[in-house]
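Working notes, beginning with the structure itself.
The values are calculated or read from the model by the stated rules, or taken from the named source; none is laboratory data. For clarity, every value in this text was computed on a predicted model and none was experimentally measured. Using ideal geometry, Cβ is built from the backbone for each residue, glycine included, and neighbour counts are taken over all protein chains shown.
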Amino acid sequence: MAKRGGYGGQMPGNMNNIMKQAQKMQRQMEEMQKELETKTVEATAGGEAVKVVVNGRKEVVEIELKPEVVDPEDIEMLQDLVMAAINEGLRKADEMVNSQMSTITGGLNLPGGLF
């Protein structure tokens with residue numbers, strides 16, 4: 001009677017290499033995530049009247065407003081500038097994360113959130 005499982009419970013060489021590469025990639029991803037917590041990007045709006053700083057976890061860690069942009073008569077403009085700066089900061093943070101990710105995955109177009 002033939003044995004079931006094909007390889008006696010052991011992975012063939014190629015599959016073993018793939019598993020090792022996946023484990024290495026996972027370790028690198030964990031290290032990258034820790035590193036990205038400390039990296040930041042800056043974005044501005046309104047001729048640098050509003051500046052935001054966003055970290056690699058896509059958290060806004062700083063907002064800076066120049067006094068001349070604070071006009072009690074035009075709160076909507078200030079709100080728009082803050083929103084624009086935050087959105088640009090988040091976009092830059094995405095670019096930073098994707099750039100780091102591609103160095104680990106070797107350009108494999110993995111769907112977001114896979115690791």
(request) Filter the range 1-20 for residues that are modelled with pLDDT under 85 and surrounded by 11 or more Cβ atoms within 10 Å (Cβ to Cβ) and give the result. (result) 11
(request) Determine the pairs where a residue that is touching a residue at least 40 places away in the same chain (Cβ under 8 Å), located within the range 49-66, has a partner that is in a loop (DSSP other than H, G, I, E, B) and not small (Gly, Ala, Ser) with Cβ atoms under 7 Å apart, the partner being 6 or more residues away or on another chain. (result) 56/39
(request) Return the only residue of 90, 78 being closer than 30 Å to residue 22 by Cα and touching a residue at least 24 places away in the same chain (Cβ under 8 Å). (result) 90
(request) Could you list, in sequence order, all residues of the range 62-103 that are under 23 Å from the mean Cα position of the chain (by Cα), at pLDDT below 95 and exposed (fewer than 14 other Cβ atoms within 10 Å of the Cβ)? (result) 95, 98, 99, 102, 103
(message) If a residue counts only when it is among the polar types (S, T, N, Q), which strands (runs of 3 or more DSSP E) contained entirely in the range 15-103 have at least 1 such residues?
(response) 40-45, 50-55
